[in-house]
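Below is one structure, written out as structure tokens, with a few remarks after it.
The values are calculated or read from the model by the stated rules, or taken from the named source; none is laboratory data. For clarity, every value in this text was computed on a predicted model and none was experimentally measured. Here Cβ is always computed from backbone atoms with ideal geometry, including for glycine, and neighbour counts include all displayed protein chains.
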Amino acid sequence: MKIAVAKGDGIGPEIMDAVLSIFNANKVPLEYQVVDMGKWVFDKGFSNGMTPEAKQTIEELGILFKGPMETPKGKGVKSVNVTARKTWNTYANKRVFQTLHGVDTVFSKAGIPIDITIVRENIEDTYGGIEHMLTQDVALSRRFITRPGSLQVIRYAFEMARKNGAKRITCGHKANIMKLTDGLFLECFQEVAKEYPDLKADDVIVDDLAMKLVVRPQEFDVVVLTNLQGDIISDLCAGLVGGLGFAPSANIGDHIAIFEAVHGTAPDIAGKNIANPTALLLSGIAMLRHLGLMENAAVIENSLLFTLEQGVHTGDFGDKSTPALNTTAFAEAIIANLGQTPKHGAKALLANKPVTTTAFKLAKNEMMVSEDPQQEEILGVDLFIESSEQPDFIAKKCQRHAGVKFNLVNISNRGTQVWPTGSVYTNLVNQYNVRFESIDDSALNQQDVLGLYVSLSGDFKICSSELLNRWGGKKAYSLAQGQ
Ligand code: NAI
């Protein structure tokens, strides 16, 4: 089987060469097609950081093993790492954090074992990068959480947890504050949990989760989160097991999967051959298991664990009183130990399965929609206006535009109600949300809303708008603080 390999920028080529030398020494039955991705590809004028040939190869082969890549600083260029994950719908980011003997941490010294798998949603949330300045002072980021997207990643997490014999699966969220977005994610979690009665499923508010992971990490098994919260919590977990040098990551989709280390290009040590290749090696081992190469994965992982147990280390970890090895020598030590069994956490030598690929040519984009469409009604509109006037003055002006169909219900500033009631102690910025709802809760149409929009635009600059919808009798918008 052939897979695509992108060596990456900074320390990428050094650690990728080290990992592939270990794979070759173990006669891993894979061929590698090197593809052009990364900073130097941006520099050549390819605005998404990869050549069209690279894109085609990855779509044909279905597996990308990649080193870290630098995103050129400055406006208009998006991270090639994020572009790759999103374009190919690798919706689940799986990161496994395990105690490694030989890598000293507060927990290993206290004899507390850690084995946590974080599944982070990988496409949605604020990572859409859909951001606008609404006024000179006000920036807005759109945070998308969708039902199909949440179900996809949550289902993956439950399946993976069951397959790996996990006992507990936890949803981290902030549904107490973000009732619609995180609320939807949590609702999807609770829905899917019903299909897996054998797994203990629970949820923890993300700030509490951060504290509990630090205080009692041994109580957690699989944790599933939205994108940004998952990003932060997984770096916290990397810290629990020794830092970024030990944090692998798999980006899993239905057709394409990307394996990479969590860390970046480490520009401060690039070109010196001193980087730690362990995180990329662990990512590569996860890739071998994903492909069914169970025996190769186990032999290489056992050798890595054995090598770490011997106290062999690169400069970023380990006993400072013993000399650190460089990247190449560290890889050579692992090669020399192939076939050895570690004292702790030895992996069983399961036989390799026939390698298959999930990549195939798709004829069109897949549309993911809820199966159960509900009756929709428009109840009103939130109009976001630019103004530096006081709330009472704005209310008087807005009421003139309400006409016979709308009521001015409330005015808020940064989400806090400032009219009809509020406090003079609430600081204001030059952007208000004026909320109009239909008189008597009756349904409106888009023309009604446009009429109001046109009328109000005579008095204010409208920076943005959102319809207030009701689906199946349920209001589908949040209340302002204090409403
Ligand atoms: P970084 O992870 O590259 O470095 C943070 C610190 O950890 C540095 O002191 C570095 O020397 C150290 N470090 C990281 N990996 C190491 C390793 N394998 N061995 C020894 N020490 C290691 O994070 P930073 O500096 O924030 O980002 C640098 C560049 O990497 C940026 O351009 C960023 O966009 C990119 N990046 C790429 C990622 C990817 O390709 N998936 C992920 C994160 C950052």
* Got at least one residue in the stretch 17-39 being surrounded by 15 or more Cβ atoms within 10 Å (Cβ to Cβ), free of Cβ contacts under 8 Å to residues at least 24 places away in the same chain and among the polar types (S, T, N, Q)? -> no
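Out of all the residues in the stretch 458-471, is one or more part of a helix (DSSP H, G or I), in contact with a strand residue (DSSP E or B) (Cβ under 7 Å, 6 or more places away or on another chain), surrounded by 15 or more Cβ atoms within 10 Å (Cβ to Cβ) and not charged (D, E, K, R)? Full working, then the answer.
Residues of the stretch 458-471 that are part of a helix (DSSP H, G or I), as a first pass: none.
The answer is no, given that none of the residues of the stretch 458-471 is part of a helix (DSSP H, G or I), in contact with a strand residue (DSSP E or B) (Cβ under 7 Å, 6 or more places away or on another chain), surrounded by 15 or more Cβ atoms within 10 Å (Cβ to Cβ) and not charged (D, E, K, R).
So which residues in the stretch 197-211 are out of contact with any strand residue (DSSP E or B) (no Cβ under 8 Å at 6 or more places or on another chain) and surrounded by 16 or more Cβ atoms within 10 Å (Cβ to Cβ)? It would help to see each step written out before you state the result.
Initial filter on the stretch 197-211 (out of contact with any strand residue (DSSP E or B) (no Cβ under 8 Å at 6 or more places or on another chain)): 197-198, 207-208, 210-211.
Result: 210, single match.
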* Structure fact -> If you go through 155, 95, the only one that is closer than 30 Å to residue 345 by Cβ and out of contact with any strand residue (DSSP E or B) (no Cβ under 6 Å at 6 or more places or on another chain) is 155
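Tell me whether the stretch 282-299 contains one or more residues that are assigned to a loop (DSSP other than H, G, I, E, B) and within 16 Å of the ligand (Cβ to nearest atom). Write out each step before concluding.
Step one: list which residues in the stretch 282-299 are assigned to a loop (DSSP other than H, G, I, E, B), which gives 291-293.
Now narrow it down to the ones that are within 16 Å of the ligand (Cβ to nearest atom): none.
There is no residue in the stretch 282-299 that is assigned to a loop (DSSP other than H, G, I, E, B) and within 16 Å of the ligand (Cβ to nearest atom).
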* To do: Filter the stretch 9-32 down to the residues that are within 10 Å of the ligand (Cβ to nearest atom) and either modelled with pLDDT under 95 or not small (Gly, Ala, Ser) (or both), then identify the one that is nearest to the chain's Cα centre (by Cα).
  => 9
* Asked: Among the numbered criteria (1) at pLDDT 95 or above; (2) under 22 Å from residue 37 (Cβ atoms), which single criterion is violated by residue 331?
  -> (2)
* Structure fact -> Among residues of the stretch 60-85 being in contact (Cβ under 8 Å) with a residue 60 or more places away in the chain and over 21 Å from the mean Cα position of the chain (by Cα), the residue nearest to the ligand (Cβ to nearest atom) is 61
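Out of curiosity, is residue 242 touching a residue at least 60 places away in the same chain (Cβ under 8 Å) and within 15 Å of the ligand (Cβ to nearest atom)? Working first, answer last.
Details: touching a residue at least 60 places away in the same chain (Cβ under 8 Å): yes; within 15 Å of the ligand (Cβ to nearest atom): yes.
Yes, satisfied.
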* Just one of 70, 53 is in contact with a helix residue (DSSP H, G or I) (Cβ under 8 Å, 6 or more places away or on another chain) and either outside the structural domain of residue 121 (by TED's automatic domain parsing) or over 22 Å from residue 263 (Cβ atoms) (or both); which is it? -> 70
* Asked: What about residue 322, is it modelled with pLDDT of 95 or more and either within 15 Å of the ligand (Cβ to nearest atom) or in the same structural domain as residue 257 (by TED's automatic domain parsing) (or both)?
  -> no
* Asked: Which members of the stretch 158-173 meet the condition of being surrounded by fewer than 15 Cβ atoms within 10 Å (Cβ to Cβ) and touching a strand residue (DSSP E or B) at 6+ places or on another chain (Cβ under 7 Å)?
  -> 167, 168
* Asked: Of (1) outside the structural domain of residue 339 (by TED's automatic domain parsing); (2) β-branched (Val, Ile, Thr); (3) closer than 25 Å to residue 267 by Cα, residue 112 satisfies all except one. Which?
  -> (3)
* Structure fact -> Pairing a residue in the stretch 374-402 that is in the same structural domain as residue 433 (by TED's automatic domain parsing) and aliphatic (A, V, I, L, M) with any residue that is assigned to a loop (DSSP other than H, G, I, E, B) and at pLDDT 95 or above, where Cβ atoms lie under 6 Å and the two sit 6 or more apart in sequence or on different chains, gives 385/460; 394/387
* Count, please, the residues in the stretch 257-272 that happen to be under 23 Å from residue 122 (Cβ atoms) and near the ligand (Cβ under 9 Å from one of its atoms). => 7
* Criterion violated by residue 119 - all others in (1) within 17 Å of residue 83 (Cα to Cα); (2) surrounded by 17 or more Cβ atoms within 10 Å (Cβ to Cβ) satisfied -> (1)
* Residue by residue through the stretch 154-193, note down the ones that are more than 18 Å from the chain's Cα centre (by Cα) and part of a loop (DSSP other than H, G, I, E, B). => 164, 165, 166, 167, 176, 177, 179, 180
* Taking only the stretch 234-266 into account, find how many residues are more than 29 Å from residue 56 (Cα to Cα) and not aliphatic (A, V, I, L, M). => 8
* To do: Kindly indicate the residue of the stretch 218-237 that is more than 17 Å from residue 122 (Cα to Cα) and surrounded by 22 or more Cβ atoms within 10 Å (Cβ to Cβ) and also nearest to the ligand (Cβ to nearest atom) among those meeting that condition.
  => 237
